[in-house]
Amino acid sequence: MSIDWSAVYRDTYQDLHRFLTGRVWDPERAHDLAQETFARALRHEPDNPRAWLFSVAANLARDEARGAMRRRRHLRLLEGEAEASEPMEPAAPERLEREEMRRGVNEALGRLSERDREVLLLWSSGNSYQDIAGITGLAVGAIGTTLARARKRLVDEYEGLETDAAHQRG
């Protein structure tokens, strides 16, 4: 049986891109990784193409994160921890609030365990419990509980960040 990869692409690309954006926090890089995922897919005939694509994408995102951390450490050494600061352009209060919230959610996601972050991002990308189980290696029956706990941890982390920020403001 041959897989219609063009149909899989049409049905899966947006969800895969959303998942990868949540992992690498850069829509352009997420697009590149999604393309790489589909390029690799053309050489395979998996039983469940969607789950297979998300597994490959998760591995590519993990590799990307490791590489980014290495590059960041290298740059810090080269720059001697000096960071240039440019004045911010004034923006509408709503835009600033939305950006602050997005940064807070990203930071809270970054504080979660790899498993919690992956399960949340896979679920928010439209994957079924069956697909999430296949990608993560968890039992299908454990996905609901894992998601509920991961959501609670995400909320707790986010609220903790907000509390810390409020204390810093005085």
query = How about the stretch 1-37: which of its residues are of a type in the set (S, T, Y) and in contact with a helix residue (DSSP H, G or I) (Cβ under 9 Å, 6 or more places away or on another chain)?
reply = Y9, T12, Y13, T21, T37
task = Taking the residues in the stretch 143-162 that are under 26 Å from Q14 (Cα atoms) and small (G, A, S) as candidates, determine which candidate is nearest to the chain's Cα centre (by Cα).
result = A150
message = Only one of L120, L138 is part of a helix (DSSP H, G or I) and not polar (S, T, N, Q). Can you tell me which?
response = L120
ask   = Do any residues in the stretch 100-124 that are farther than 16 Å from A61 by Cβ have Cβ atoms under 7 Å from those of residues that are at pLDDT below 85, where the two are at least six apart or on different chains, and which pairs are they?
value = G104/Y158; G104/L161; G104/E162; V105/Y158; E107/L161; A108/Y158; A108/L161
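Condition check ((1) among the hydroxyl-bearing types (S, T, Y); (2) outside the structural domain of G126 (by TED's automatic domain parsing); (3) modelled with pLDDT of 90 or more) across all residues:
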residue: R18; (1), (2), (3): no, yes, yes
residue: T21; (1), (2), (3): yes, yes, no
residue: E28; (1), (2), (3): no, yes, no
residue: L33; (1), (2), (3): no, yes, yes
residue: F54; (1), (2), (3): no, yes, yes
residue: R71; (1), (2), (3): no, yes, no
residue: R95; (1), (2), (3): no, no, no
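Which one of these is touching a residue at least 12 places away in the same chain (Cβ under 8 Å) and assigned to a helix (DSSP H, G or I): D15, D32?
None of the other options fit; the residue is D15.
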note = Taking the stretch 19-49 and keeping only residues that are closer than 13 Å to V8 by Cα and of a type in the set (A, V, I, L, M), one is left with A34, A39, A41, L42
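The values are calculated or read from the model by the stated rules, or taken from the named source; none is laboratory data. Just so we're clear, the structure is a prediction, and the values are computed from it rather than from any experiment. Reconstructed Cβ throughout: ideal geometry from the backbone, glycine too, with neighbour counts over all protein chains shown.
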